[in-house]
Each structure stands twice: as structure tokens, then as C-alpha cells.
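Heads up: the structure comes next, in C-alpha cells.
The values are calculated or read from the model by the stated rules, or taken from the named source; none is laboratory data. Computed from a predicted model, the values in this text were never measured in an experiment. Heads up, the Cβs are rebuilt from the backbone with ideal geometry, glycines too, and the neighbour counts pull from every protein chain shown. When the accessible area is computed, the model is the full protein with side chains, heavy atoms only, and any ligands, DNA or RNA have been set aside. Shrake-Rupley method; radii C 1.70, N 1.55, O 1.52, S 1.80 Å.
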Amino acid sequence: MMAGAAAQPDDTGLRHRFEIPDWLAWPALSLGLLITVVISALLWTRLATVDEQRFQSEVDKVVAQMRRRMVAHEEILRGAAGLVRGSEKVTREEWRDYVEELNLPRNYPGILGVGLTVRMTDAEKSAHETLVRKDVPDYRIRPDTPRDEYHSILYLHPLNALNRRAIGYDMNSEPTRSAAMSRARDAGDVALSGKVTLVQEDKQAVQPGFLLYYPLYARGMATDTVEARRRALQGYTYSPYRAHDLFGNALRGYADRVVVHIHDGRDTGDESLLYTNAVPGQSLSGLEDRRELEFGGHVWTVRTRAPADFQSDHLVLWLVPLMGSVLSALLFHLLRQLAISARAHRSAQAMTHELALSESRLSAVLDTAADGIVTTDESGMVLTMNRSAADMFGRRSDEVIGLPLARLLPGLDETWFAGRLAEAQSGRRWALHQDTQGARSGGRSFPVTVSASGFMRDGRVVHTLLLRDVSEQLAAQTRMRLHDRALESSSEAVLIRDVQTTGYPVVYVNAAFERLTDRTAASVIGQPYSYALDSGAPDRVGEEMRWAIAHEKPFTTTAEVMRADGRPLWLALSSSPVRDNDGRLTHYVDVFGDITERVEFEQKLIRRTNRLHTVFALSPDGFVTVDAEGTITNVNPAFVRMTQIPQRELLGMTAAEFERRMHALADPEQPWPELLLDRSSDEPQRLWLKRPEHRVIERSARVAPQGRSETVLYFRDITQQFEIDRMKSEFLSTAAHELRTPLASIFGFAELLMNRDYDDTARRRMYGIIHRQSRVLVNLINDLLDLARIEARAGQDFRYEDLPVRMLINAAIEGLVTPEDTRRIELELPKAMPRVRVDHEKMVRALTNVITNAFKYSPGGEPVTLSVVEAARTSRLMAGIRVADRGIGMTAEQQSRIFERFYRADPSGNIPGTGLGMSLVKEIMDLHGGEIEIVSAPGEGSTITLWLPVMDTATT
Amino acid sequence: MSARIAVVEDQPEIRQLIRMTLELGDFDLVEAENADIGWAQMQQQKPDLVLLDVMMPGSMDGLELCRRLRARPETAAVPVILLTARGQQRDIEAGRDAGADTYLTKPFSPMELLDRIGALLGGTFPR
């Protein structure tokens, strides 16, 4: 109904343009009939003319075909005449060949045969018969009545039983044939005979027949006049025809659509009828034609009629006026009806317009309603639907009209709906609310709240349903629930405070808050909450928070707070403002987590890092840390001491630069490994440095197994260890050499003495050498053993005593200088001599060695001076036993090597010695905490002072 | 003409031992107490054979002197006997590398020395 109303305005507009007046029907009818009459008349006339023309054309075809066939037959006879004229005497075989060549039954059906007649006089007759009978025994010219001249059929082919009858027959004896033969003879052309009964006919199915003749003249005779031709005539070529066979065949396909009668001559009676294709009882139309066909000097009359079905269809002729009349009548009726309808419409239009206006107003109201509104009939079929409902279901309103409501609201309870239906039918109004599911186009469902009411109108029930899509409402509720749940289950504590109220009271805390702070929500909500550790301490967090709230800014901090049970707690606090829709600050949300463990861990880490830093800084070994890119991130003081490269230059140095700087310090005589490129190697590598001083350094590297791949390079100074190793090896080598040298003399001279006889002088000299060298060997062994013992024990077996220096000097001199010795020691001793704490035996040994050296290197026998001095050296009071000689002295180089083992200032061998004496002195002095002072110059003698710490000064 | 033998040895006792050993044969002896002196002598007058102590004080040791001899065309072919107090394989190889013909380890047998000299000079000597 609403849809109809929507379509009508267009319709009325159309009718306004083609208004039909009442009177128009009558003239329309008259005009229609008139047009019908005129068209019918024209049609009839035209069709008659067309039929006549078609008929004449058919007749033309028939006549032309007859003439064509007869001309063809004429040609056969002319051909046969040619054959006869061409040869002197035509034999029966030649004739047969000619005719068979023509193939008559196929090419010229209707011809019975082609024959040849000969003309003869009575006198010639019997000779001729005799001649012919050689071939045809029963040959005889018939009828044998006497005449002026005879014509006999000599040849006729095909020579079948019927034609055989004709051989010998004189056709000139019969008037019809004779007339035709005479005409042919006189005209010198073909001549057609009248209707005859052929001699070939037997008594059954006799057909009318006729013959065609062509004259043969004697060769060489004139044929220019009738007379001449009569004289020259020799015979004829001819053909007999059966009319039915001939025409029936010739006209096949030419006379199928017309009825033909062919008459002999101009008479058209039954007597003269040669041929007809008329079927008895056939109805014929009025169309008729009669023509004369002249051929071979003879006339045939061809009478043609059209059969009744030849003419155009009579039904068509009558259909045109009939249809015209009917159409006129229909037009008349239609116009009458339209006129009536238009009048009725004009009155309805005003009403419809009003209705449409009201409906569109209602429709506009419905369409602007936010809720979906659907009306259905009593069976639940949708009647109308507003735009909101259409949007809700994702369909166009016109595509749901007529659909069952269950398609839109599959969740609606049908039995319930039926119950409401029953109520409505009993005249009661009803209304209800239900939450159900709606189905959107595409199959998705959505929650919908349905309010429905029903009422009766015009005995029919109409339901009106108000639909509200509650998806978003439900989604919002779900979201809210989720948020609540998330808040409650969060491990982060959440606290919300109302900042519009003085004191910023707490309005919400979650479960995590209660757990973390050991406070119940009830004890906190409605109260201000402070993160202060205790009431006495300055509230740093409170200050930050008040500032943040005043500036409406978020803030984060860490704070140490006290739980209700007194346990301290570290919190990471993040606080942010909440605004209402108008942007007004209403709440602050504090989110915080327990970071106590983290803080404690950090503190532990810091302590540990500090410890490590200390170790790092104090370590005598060098450390360098390098990051993944090869940049130096840290070096310790030991490394800086080792390389003398300032720390500020090392930090941030690239691997390549580090490599270069380190290489610059290298001892060029030693191999140099790459420091960093090869850092993954666990194998320690040895670096020989020349600068800042000779060092041997062992480098090892450790790549941190996790995290950023930091490498720690470890540099250990092994110079000392390395030197000791080297010195041990060298000492052994040198000791062996020193031991072998005296042995070589002993061994060699002994061998010489064994092998040769020497005189007494030589022998004594050699024994002397052996003896002396043996002593050297013994001294060497003693010194080596002493040295080894002192070194190995490192002073542990020393028996220290507080002894006066004087005692040491006396003991040394007593052991050294024998009464008969020429060597002199000049003593310059003070009255008061200090006491020192020494191992008596060792210190006497040291002093003895020094004095011995002084004598040895005084080759001129100059006296040695021994004195005792006291002095403060390196903040200690020390006593010095000074031995001065006036011997050869020492160069600076000799002085620097004096303590080297086996070093001899005089390598010439003139001065005996092991080269170990001063080494022993050095060892002993070191173990006593003493020092050795050397003052010497070549040629000026040497002064060596043994300094010992003073215990006290005694007067001895 | 007796063969000229250069002896370079820092120990006077060993020099004396060599001197007395070589008196057993017919040799001219030229002695030097260090390599520098020996080198100067040998440059002046080419010896027929050289006896070299390896370990000697001074700027040059026996090995260095041996190398110099070999580097000088006049003395490149002179036989050299090294006297060494070091008997280790390393030292022997060092001597070979320096160009010595043979070596004797101290203490050495004087008779062995004579045999070696004889072998190198292509003569024999009475025992």
C-alpha cells in the first residue's frame, strides 16, 4: 500500500499529458472501417493481376517446351537425311548405328523410332522387293493395291516387334499421312501429320499418334520449284510419335501447375484431343488460355486452364477486412475506457495526493527515529520497516517487505509470538519487551532489545515492533567488566584519588594495593594517602605529587614506604591525571609496583662493582676492556704504568690505534702478536716491550660469555720470572764453561805427561799447572755451593747475632793474612765501633772476598786501607766497612757488571778468581738488609763500602 | 815448510797446553789472547789452520771471528777447529753455521787435537 502510493505521482503526470476526450471513440471507429475497405479493395485487385501474370507465364513455359522438343525431333530427321545423302547407299547397319547413337528412349522419349521410306514406280516395285528380301525375307510392300507410285518403309529403328510390323508399309496409302508427306515434299521442309492411329499400336492402351516427315531428294536434281521437288523426291526420313508418351514426358516439370489440353488442328472437341494432364473431377479456376502452335505446316491448339488452388489464398483476402474491423472495434472500446478511467482518476488524484503527503510525513518521522520500527501482519510477515531498522539489519527496506520476521529476529520466541497473536485476535491490546538476537545480512548476529505491541485494524492484526541495537551498550559493559577485572587482577597496585576534593581522598584501590601495602581498601578509601616513609621524615614524594597535581602533569618516582606491618617497601610509582569530557582534572591514578628486590639487587650490584673496581685499580696486572666494536672502554692504573700511555688517551681508543700504539712499544727483535684481532684465543701470548723499559708481558683475553660481547684483556708482567728463567739457564751454561776450563788444563797436561817424556823442568811446570788449576776448580765448586746454599735458603739458616763491627774485621784479617804475607792492610778504625746484627760466618766471608779482590787488583802490591764509617742512608743510620785499594780500578762498565756471576774484571788469567766472589758479597749483603757502595776509576783504585744497619754504638 | 797455525784463546793455561801439544809436530804457532788480536794477525798473514776458542771476552767471540774468516776470500778456505766449553747440540750447530770445519769440547785430548789438525792439513804426526 505504501509502495503503491509511492509509485502513483509519476503515473498521474503521464495521464495529464495524454488526456482522452469522450467523443474520440466514434470517429476513430469510422476511420478504422474505411481504411479496412480501401486496403481490402486494393489488395483484391492487385492479387488478380498477379495471378493472371503468373498463369500466362506458366502457359508460355508449356508452349515453349513443346516447340523446343519438336525442333529437336526435326533435327534428328534432318540428321538422318544428311546420313542418307552423304552415302551412296545407306545400309541397314549404318541406319541402326545412327539411331542407337541417338539413344532415343533416354534423350527423346515418345519417339517410337526413326525410319526411312523409299519412293518407287510400279515398274521398280518387284525389283526392289527382290533386292530387299535378301535381308528381310518376308519383305513386301503393303497394301498391294496398284498405284502410280509406291512409298515403302525400308528402315525403322529400333527394330522391335511393333516397328517390325511397319516395315514395308506404304504410308502414302493413308490420307492423313499422305497429306503430310505431300506437304513435306512440296515445301522441302519438315511436315507434321494430323492425328492418326499408328500401325505399331496393338489393341491395348491405344494412344493418339502422329508422324513427322522430312523429304529426301535425288542428288543432283533441281529442288527450286514445287514441280522440281516433286520430280526429285526419293523418299522420307520420318518419326512416329505416341502423343501421351511424348507430351507427358516433354512437359514433366513444365505443366505441373496448370491443366493442359493439346488438340490436333483448331478444333477443340474430344475427337481432336491429342493429350491432356487433366485429372477427372479436378476443380478449376476461371483462368483459361488458348493458343495455337504451328509446327511443320500443321497447327496444334494448346488449351490451358489453371487449377482452383492456383490463385492466391482466399482466406488472406477475407482476413484483412475482418482484422481491420476487429481492430477498429477494439480501438473504439479502448478509447471509451481510457476516457472513463481518466475522469475517475482526476477525482481520485486529489485524495491520493493528500494521502501520499501524510504517508511521506509519517515515513519521514519513522525514518528519523533512532530505533528500528517494523510492522508485521498477523502471520509475522514484514509490512514496513523504517530506515533505522534497515540499517540495523544491513538490508534495503523494500527487500525485507514480505519476509517472515523470524528471518530478521531468529532469536524471537515463536510460541510466545503466537500467544500474543491469540490475545490480539481476542480484541485485547498487548505490549512486551524482550532481549533477543537480530540477524544482519551476511549472517552476523547482534543483540537487540525488542518492544512490541499489537492491535486489530479492519479485522486484521498488525504488530509494531520497536528494535534497539544494544551491541555497543553490551560491548561497553563488557569492556568495563574487563577493565575492572584487569585492574583487580593486576600485580601492579592501583590507587585513584579524587583531586577535586580537599585532601585528595582515595576513591579506589585494587587488590594488589591491599596485598602490597598490607592495608584494606576500607581503611584507605575516603582518606588522604601519603607515600611518606613515616610521619617524621620529610615527605619528598608528597611534595612532588602536590606539584604535579597543581600543574596537572603526570609524574614518576621511586619511594621507600612502610607497610602496615612495619616492613619497608620500595615502590616504583607512576601517577597520571584523569580528565572529564570537558578536560577538567578530576582524578589522579597512581600505579606502583614493588621494586624492593630490584633495589636491593641494584645495591648489591653496586657494592660488587665497587669491589671489582678496587681490585681492578689495585691489581698489579694490567686490564683493558674492549667492547664489541673494538673500542677500549676501560683500563686500569697498572696497565697505564706498564705502557706509560695516559688513561685519557686509551679510553675510547679504537682497536687499530691501540694495536699501533702497543706495537710502537715492542721490542723489534721479538715476534709481535696481534693484540685484539686475535683476542678470542685462550692461549696466552707473550709480548716483548722495549719501551718504556724492557718488559715481558703475558697477554690473555677473556670474552664475556653473555650480553654485549665485551672482551677483557689481561696483561701480566712476567719480566722478573722470565729474567730469572733466563738467568738460571745462562748461569748453568756459564758455570759449565768455567768448570770445564780448569778441567781442560788438568786433562790436557795429564795426557801429555802420560804420552811423552819431558825433562824435569817442564814436568814440574806442568804439574804446577795441574795443581793450580785443581785449586781453581775446588774454589769454584766451593763458591758455587756457597752461592747456591745462600740463594736456596734465602737467609733462613742465618744465625744472626748482635756483633761489634770490630769483631768481623778482626776475623776477616786473621783468616786472610798469614804472618809471612807481604800484603799489608792499613786499618783506620774509630775508637767507638758500632754493633751490627749479622751472621758472623757469612759477613766475615763477604768482607774477606772484598779484601781479597782489593789485593788481587792491586798488582803492584799497594797496601789496602780498611776503615769503618757511620752515616745516615735512606733515613737509617748505617755502619760502613770500607776497603780501599790503589790498584787498577774499574771502568763504569766493569762496575755495573761487578755482581754478575763469573764476571772477571781481568779476563787475562793473570789474576786468579772464580768471578763469583762479588756475587756472593751481594747475596750476603742483600740478606742482611745492607748495601754495597762502589767508588772506582780505572788506574785510581777502587773503594768498596759494605753498609749495614746499625744496632747501637758500642765502645770496644 | 812447517804449517802456520793461529791459536785464539783467552785462557793462558789452555794456550800453554796447546803450545806444548803442537811442539810435538812441526808447526809455526801464532797466538792471540782475544779475537780482535787474532783477527788482526790473520789479516796480516794467512794461517794454514785456525784454532778458535768460542767463549772469549771482548767485542768478538770465536763464532764471529770464524764468520769473518769465511767472509774474507783469502781466508775462506782455511780450516777452522773450534774449542768449546759448551758441548750442547745447539752450540755445535751454531759452530757449523759459522763455517767451522770441526770442533773439540773442553776438556779435550791433546792427541785428538793433533789427529784433527793432521787430518785437516793432510799429514800425519808422530805420537
- Which of the lysines could a cross-linker bridge to A:Lys831, judged by Cα under 26 Å and excluding same-chain residues fewer than eight apart? A:Lys842
- Qualifying aspartates and glutamates (Cα of each under 19 Å from Cα of A:Lys604; at least 8 residues distant if same chain): A:Glu560, A:Asp594
- Kirkwood Rh and Cα Rg combined as Rg/Rh, segment A:257-311: 1.01
- Set A:Lys856/A:Lys922; A:Lys690/A:Lys922; A:Lys728/A:Lys856; A:Lys89/A:Lys134 screened for pairs whose C-alpha atoms are more than 21 Å apart: A:Lys690/A:Lys922; A:Lys728/A:Lys856
- Item | Within chain A, helix-based [θ] at 222 nm, where runs of 4 or more DSSP H residues each add -39,500 (n - 2.57), nearest 500 | -14500 deg cm²/dmol
- Enter the mean number of other protein chain beta carbons within 10 Å of the beta carbon of each residue in A:748-756, as an integer. 6
- Would you work out the relative contact order for segment A:490-600, in percent, from Cα pairs under 8 angstrom that are 6 or more residues apart? 27
- CD proxy at 222 nm, helix term only [per DSSP H run n ≥ 4: -39500 (n - 2.57); per residue of chain B; nearest 500]: -12500 deg cm²/dmol
- Using every Cα-Cα pair within segment A:829-870, state what percent have a distance larger than 17 Å. 47
- Message: Taking the Cα centre as origin and putting +1 on Lys and Arg beta-carbons and -1 on Asp and Glu beta-carbons, what dipole magnitude results for the protein assembly as shown, to the nearest 20 debye?
- Response: 3280
- Which residues in segment B:52-74 place their backbone N less than 16 Å from a point set 7 Å from the Cα of B:Asp36 along the Cα-to-Cβ direction? B:56-62, B:64-65
- Query: When only Cα pairs under 8 Å and 6 or more residues apart are kept, what is the percent relative contact order across chain A?
  - Reply: 5
- Euclidean distance of C-alpha centroids, segment A:360-382 and segment A:123-170, integer Å: 121
- Query: Taking the DSSP beta bridges in chain A as the whole, what percent of them are antiparallel, to the nearest 5?
  - Reply: 95
- Task: Using 0.36 nm per residue of separation minus the Cα-Cα distance, give me the extension gain between A:Ala222 and A:Ser574 in nm, one decimal.
- Result: 111.1 nm
- Rounded, prolate or oblate: which fits segment A:619-717, taking a ≥ b ≥ c as square roots of the Cα gyration tensor eigenvalues, rounded meaning a/c under 1.5, else prolate when a/b beats b/c? prolate
- Treating each Cα of segment B:3-121 as an identical point scatterer and ignoring solvent, apply the Debye formula and state log10 I(q)/I(0) at q = 0.11, 0.12, 0.13, 0.23 Å⁻¹. -0.30, -0.36, -0.42, -1.55
- Note on the structure: Judged on accessible area alone, 1.4 Å probe, highest first, A:Trp672, A:Trp26 line up as A:Trp26, A:Trp672
- Task: For segment A:121-219, divide the Cα radius of gyration by the Kirkwood radius and give the resulting Rg/Rh value with two decimals.
- Result: 0.96
- Task: Would you work out the charge dipole size for segment A:810-865 about its Cα centre, treating the Cβ of every Lys and Arg as +1 and the Cβ of every Asp and Glu as -1, and quote it to the nearest 20 debye?
- Result: 260
- So how far apart, in nm, are the two label points at A:Ala370 and A:Ala329 if each is 7 Å from Cα heading toward Cβ? 6.9
- Message: Below 8 Å between Cα atoms, with a sequence gap of 6+, how large is the relative contact order for segment A:790-924 in percent?
- Response: 24
- Task: Would you mind checking segment A:726-765 for residues with the amide N under 11 Å from a putative spin-label position 7 Å along Cα→C-beta of B:Leu24?
- Result: A:748-757
- For A:Lys203, counting only lysines whose alpha-carbon sits under 20 Å away and dropping same-chain residues fewer than eight positions off, the answer is A:Lys195
- Query: Ordering A:Thr614, A:Thr268, A:Thr415 by how much accessible area each has at a 1.4 Å probe, largest first, what is the list?
  - Reply: A:Thr415, A:Thr614, A:Thr268
- Message: What is the ratio of the Cα radius of gyration of chain A to 2.2 N^0.38 Å, with N the residue count, to two decimals?
- Response: 2.74
- Task: Assuming a ≥ b ≥ c are the square roots of the Cα gyration tensor eigenvalues, decide whether segment A:371-474 counts as rounded (a/c under 1.5), prolate (otherwise, with a/b larger than b/c) or oblate.
- Result: prolate
- Task: Report, to two decimal places, the Cα Rg of segment A:87-256 normalised by 2.2 N^0.38 Å (N = number of residues).
- Result: 1.05
- When every protein chain stays in place and a 1.4 Å probe is rolled, A:Ser774, A:Ser388 sorted by accessible area with the largest first are A:Ser774, A:Ser388
- Query: When you look at the Cβ of every residue in B:49-55, what mean number of other chain Cβ atoms sits within 10 Å?
  - Reply: 1
- Express in nm, to one decimal, how much length is gained between A:Glu931 and A:Arg67 on full extension, taking 0.36 nm for each residue of separation and deducting their alpha carbon distance. 293.4 nm
- Task: Would you please give the FRET efficiency between A:Ser341 and A:Leu284, computed as 1/(1 + (r/R0)^6) with r the Cβ-Cβ distance and R0 = 41 Å, to the nearest 0.05?
- Result: 0.15
- Task: With label points built 7 Å along Cα→Cβ from the Cα atoms of B:Ala77 and A:Arg407, find their separation and express it in nm.
- Result: 12.9
- Task: Using a Förster distance of 60 angstrom, determine the FRET efficiency expected from the C-beta separation of A:Val589 and A:Thr352, and round it to 0.05.
- Result: 0.40
- Note on the structure: Once A:Ile813 and A:Ala550 are pulled to full extension, the length gained, defined as 0.36 nm per residue separation minus their Cα-Cα distance, is 84.7 nm
- Note on the structure: Taking every residue of B:15-25, the Cβ atoms of other protein chains inside 10 Å of its Cβ average out to 4
- Item | Paramagnetic reach from A:Thr520 in segment A:545-567 [backbone N under 20 Å; point 7 Å along Cα→Cβ] | A:563-567
- Degrees between helix A:92-102 axis and first principal axis of chain A (Cα, 0 to 90, nearest 10): 50
- Rounded to the nearest 0.05, FRET efficiency between A:Leu315 and A:Lys203 (Cβ-Cβ, R0 41 Å) equals 0.25
